[in-house]
Amino acid sequence: MNSAILYTFRRCPYAMRARIGLHLSQLNPTVREIELKNKPQEMLNVSAKGTVPVLITSEQQVIAESIEIMQFSLAQYPDLSSPWLTPDAYQTLLDWLSKPQTMIWINANDNDFKPWLDKYKYADRFPEQSQNWYRQQAEIFLQLLEDKLAQQAFLCADSPTMADFAIFPFIRQFANVEPVWFNALPYPNVYRWLALLVNSSLFQAVMHKYSLWLPERSMIQLKQSQQQNVKIIPLCKNEKIMNI
């Protein structure tokens, strides 16, 4: 379905979610990379809330929530020969799409962790408490992750599921607020898990830098250069861990 359109912003963790789901599917939409300070009127016409990601399908369905884009892409257009996961891992990904535990993890991230992450990252905007205090509140979720990841390689199974793919961009954002401090944390399993996902071939492709859609309105496909520019290694728990 190459006639679909994706409005995205490279550094937004919600947009990362959508691009992960799309890369793992058969869909290959046209990418419209935007600037948040200069949102295209075409995007606002179909999604007045003005946030990314926004996917417009070939049937003109508008999907403006990152998790819904992931679910739509993977459930409706699975790529059973995906180069990013082994066949067994890909089947596990599909098996866990609709299981309640998947959304329990994602909801905990979005509703509990993300508000504290925002206050920690932008502590100067929230002077009611110190940055350290906000960080400590966010660490409650990190401890939950650590406890689960001490039991198995990923949150729901021994290979990554939608829960892992939907959550790790936010943990990456948390880690990048104070990298030296994060690297010294007593959460070795979270660090291993995060490094594995961040340094995967899949995430390298997801973070490809596209030119801005405005003003030229160029036509760029999401996956047009992934095979040429990325050395593809199927994601598994033995993939080399590098720096976050």
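The values are calculated or read from the model by the stated rules, or taken from the named source; none is laboratory data. Since we're looking at a predicted model, the values are computed, not measured. Please note: Cβ atoms are built from the backbone with ideal geometry, for glycine as well, and neighbour counts cover all protein chains shown.
Taking the residues in the range 1-27 that are over 17 Å from the mean Cα position of the chain (by Cα) and among the polar types (S, T, N, Q) as candidates, determine which candidate is surrounded by the most Cβ atoms within 10 Å (Cβ to Cβ).
26
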Any chance the range 60-80 includes a residue that's loosely packed, with under 13 Cβ neighbours inside 10 Å, at pLDDT 95 or above and of a type in the set (Asp, Glu)? no
Flag if residue 99 is without any contact (Cβ under 8 Å) to a residue 60 or more places away in the chain, touching a Cys at 6+ places or on another chain (Cβ under 9 Å) and at negative phi: yes
Exactly one of 165, 113, 154 is crowded, with 22+ Cβ neighbours inside 10 Å, aromatic (Phe, Trp, Tyr), within 26 Å of residue 4 (Cα to Cα) and in contact (Cβ under 8 Å) with a residue 40 or more places away in the chain, and that residue is 165
